[in-house]
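Read-outs throughout are calculated quantities, based only on the coordinates presented, and are distinct from any laboratory measurement. This structure is a prediction, so every number in the text was calculated from the model and none was measured. As a convention, Cβ positions derive from the backbone with ideal geometry for all residues, glycine included, and neighbour counts pool all protein chains shown.
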């Protein structure tokens, strides 16, 4: 049994990784037992979150009440990210909720499955539609088969997604929606691992509706943090690291590694990579001050800025 006592962020991260590993090994279905961190009350959590301009006092999900214990600004940014995925994605709300359920089901995350069903019903789905989704995948409607299998593969075996599947989805849904599907899978897996890793329960009155909240200016880290330039330390001429050498890595020569990197650089992306000039106009001014050549950033900002902007803010806000 793990005591519910306040603990530093690095310790929470360690517990998260250990708990995820144990769950994967035992293939648990959903969460059981108590959370591994103290959950703030709703009032305590709002007191810790940054100042709001609107939306203060609403019931908060358990993952916010867990993260806000030590990372209140991060929790605030994650709230905005969750709202974006549940309400602002260009993917149809019905299909988006179904894909989110498939992701949660693959992760054995009952919490997120409940939220996906709630969002699906909010989009107008009947009980029959829910039964079909949660039943035999072979009975899924033809129109759902490809995108739902795409969501499943992105969760359990992303490298195996065929180019042909992606291209068919692209032709049917367009570049913006298929990019948003990828970001949905990325966010869904991120969220499920927080819920499972910290063993978080469904809220007393959950699943909760999407939380529309606006935080005061300066509450979140919009611009990227650039470390100050300093003197480069002198490296030791000789010495050994403290990490044992990995046999697989040691078997690859430097030249072989460079060859593999060149092969990766030569890979043809499944969507055209936008230029910085095409992307910068979609960004908040604070995020557009420094050009980037990172293909992932250009791709996601270019095709799904409404989802990638809050993701970037959430990952850089501490």
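When a footprinting reagent is the concern and you count Cβ atoms within 10 Å, what order do 254, 56 take, fewest first?
Ranking 254, 56 by Cβ neighbours within 10 Å, fewest first, gives 254, 56.
Full extension from residue 231 to residue 171: what is 0.36 nm times the residue separation minus their Cα-Cα distance, to one decimal in nm?
In short, 16.5 nm is gained.
Quick one: if the Förster radius is 35 Å, what FRET efficiency do residue 251 and residue 293 give, using the C-beta to C-beta distance and rounding to 0.05?
So the FRET efficiency works out to roughly 0.65.
Determine, for 190, 173, the number of other Cβ atoms within 10 Å of each Cβ, and report the residues in order from fewest to most.
In increasing order of surrounding Cβ atoms, one gets 190, 173.
Once you order the gyration tensor axes a ≥ b ≥ c over the Cα atoms, which shape class does the range 32-177 get: rounded for a/c under 1.5, otherwise prolate or oblate by comparing a/b with b/c?
Since a/c reaches 1.5 and a/b is larger than b/c, the shape of the range 32-177 is classed as prolate.
Given a Förster radius of 25 Å and the C-beta distance between residue 157 and residue 123 as r, what FRET efficiency does 1/(1 + (r/R0)^6) yield to the nearest 0.05?
Approximately 0.35, to the nearest 0.05.
Give the Cα extents of the range 277-318 along the principal axes, in whole Å, largest first.
29, 19, 17
If you average the C-alpha positions of the range 59-78 and of the range 270-318 separately, how far apart do those two centres end up, in angstrom?
24
Rg (Å, one decimal) plus Dmax (Å, integer) for the alpha carbons of the range 207-318?
Reported Rg and Dmax, both Å: 20.3, 59.
222 nm [θ] for the chain, helices only, -39500 (n - 2.57) per DSSP H run of 4+, per residue, to 500?
Here the helix-only value at 222 nm equals -17000 deg cm²/dmol.
Multiply the residue separation of residue 136 and residue 34 by 0.36 nm, subtract the distance between their alpha-carbon atoms, and state the gained length in nm to one decimal.
33.6 nm
May I ask for the percentage of alpha-carbon pairs in the range 133-202 that lie more than 17 Å from each other?
More than 17 Å apart: 51 percent of the Cα pairs in the range 133-202.
Using the count of nearby Cβ atoms within 10 Å as a rough guide to exposure, how do 70, 85 rank from fewest to most?
70, 85
When only alpha-carbon atoms are used, what values of Rg and Dmax, in angstrom, describe the chain?
Values for the chain (Cα only, Rg and Dmax): 21.4, 69 Å.
If a paramagnetic tag sat 7 Å from the Cα of residue 263 along the Cα-Cβ line, which residues of the range 126-163 would have the backbone N under 20 Å from that point?
Correct set: 158-163.
What nm distance separates the two modelled labels at residue 47 and residue 278, each placed 7 Å from Cα along Cα→Cβ?
Going from the residue 47 label point to the residue 278 one covers 5.1 nm.
For the range 146-261, what is the Kirkwood hydrodynamic radius in Å, using each pair of distinct C-alpha atoms?
Computed over Cα pairs of the range 146-261, the Kirkwood hydrodynamic radius comes out at 20.4 Å.
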